[in-house]
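Here the structure comes first, spelled out in structure tokens, and everything after it is commentary.
The values are calculated or read from the model by the stated rules, or taken from the named source; none is laboratory data. The shown structure was predicted, so the numbers you read here are calculated from the model rather than taken from an experiment. All Cβ positions, even for glycine, are placed from backbone atoms using ideal geometry, and neighbour counts span all protein chains on display.
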Amino acid sequence: MTQPTDKSLLKPIARVVSPYREKFGIPRQSLLVEEARGWLVMGPDLARRAAFEGLDGFSHIWVIFGFHACKPAYRLRVRPPRLGGNREVGVFASRSPFRPNNLGLSVLRFEGLEGDDGDLRLRVAGLDLLDGTPVYDIKPYLSYSDCVPDARSGYAARRPDSLLTVEFAPAAEAHLASLEQEAGHLRPLIVRTLALDPRPAYRQGREDARVYGMRLADLDVRWRVADDRIVVEEVLRVTD
């Protein structure tokens, strides 16, 4: 295999195949929605099983990726959603995508390799990544060093626990039932994603009459918030 001559250039080694087809609605951290499954599709130079020998002994992997759908300009101060979107912190005290080098880090559940040399992909779960995201490196997660029991997590000390109840209107229920004959994972993916309340932080906890829409896999999901619960109004197959 030809080695890159200029090692100062950061080049993608894989791309993400994700059910999240647009930025709106993506979980704000990995592993919050275990049902968000997809693949890391390796580039042709590294689509070799030899590169992953021994990885089957690890349950999780670190993925270094690029926020490719964000504008390149970065900000010194940002407004994290966990602070309601109305308090600022320094960019390096956040996981905002508006960073000097637009790099992100996610830990994902590794569910195995698929394919053969030249056409290889890693099956992963717990995605918080946009479809098409470039991947720059993959590393095994080490439980003895990567998990620090007494670590402090500042303003994001706890896993989000204000989950909303998700219900389906009759029309959405009927359409989803017909789709689930093809893919039974759609319901839990929709429920777990929407339960996190994907709305902008400044709208959460308030009355909100608007109908929201998001692309989830090949579905167009339309929903609204009513009495602290989410009601899915439509679930339509998108063909494009």
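Points to keep in mind about this one:
- Looking across the range 30-64, just one residue is part of a loop (DSSP other than H, G, I, E, B), over 18 Å from Leu108 (Cβ atoms) and of a type in the set (A, V, I, L, M, F, W, C), and that is Ala47.
- Qualifying positions in the range 43-76 - out of contact with any Phe, Trp or Tyr (no Cβ under 9 Å at 6 or more places or on another chain), aliphatic (A, V, I, L, M) and farther than 27 Å from Phe92 by Cβ: Leu46, Ala47, Ala50, Ala51
- Lone unmet requirement of (1) at pLDDT 90 or above; (2) surrounded by 14 or more Cβ atoms within 10 Å (Cβ to Cβ) for Pro80: (1)
- Filter pass, Ser94 being in contact with a strand residue (DSSP E or B) (Cβ under 8 Å, 6 or more places away or on another chain), farther than 22 Å from Glu114 by Cα and either at pLDDT 95 or above or surrounded by 18 or more Cβ atoms within 10 Å (Cβ to Cβ) (or both): yes
- The number of residues in the range 197-240 that are modelled with pLDDT of 90 or more, closer than 17 Å to Arg37 by Cα and surrounded by fewer than 19 Cβ atoms within 10 Å (Cβ to Cβ) comes to 1.
- One residue stands out in the range 128-176 among those that are of a type in the set (S, T, N, Q) and closer than 25 Å to Tyr20 by Cα: the one that is surrounded by the most Cβ atoms within 10 Å (Cβ to Cβ), namely Thr133.
- Residue in the range 102-117 that is surrounded by fewer than 17 Cβ atoms within 10 Å (Cβ to Cβ), in contact (Cβ under 8 Å) with a residue 40 or more places away in the chain, among the polar types (S, T, N, Q) and out of contact with any helix residue (DSSP H, G or I) (no Cβ under 6 Å at 6 or more places or on another chain) present: no
Each row is one residue, and each column tells you yes or no for (1) on the phi > 0 side of the Ramachandran plot; (2) under 13 Å from the mean Cα position of the chain (by Cα); (3) modelled with pLDDT of 95 or more.
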{"site": "Arg28", "(1), (2), (3)": "no, yes, no"}
{"site": "His60", "(1), (2), (3)": "no, no, yes"}
{"site": "Phe67", "(1), (2), (3)": "no, yes, no"}
{"site": "Cys70", "(1), (2), (3)": "no, no, no"}
{"site": "Leu76", "(1), (2), (3)": "no, no, no"}
{"site": "Gly84", "(1), (2), (3)": "yes, no, no"}
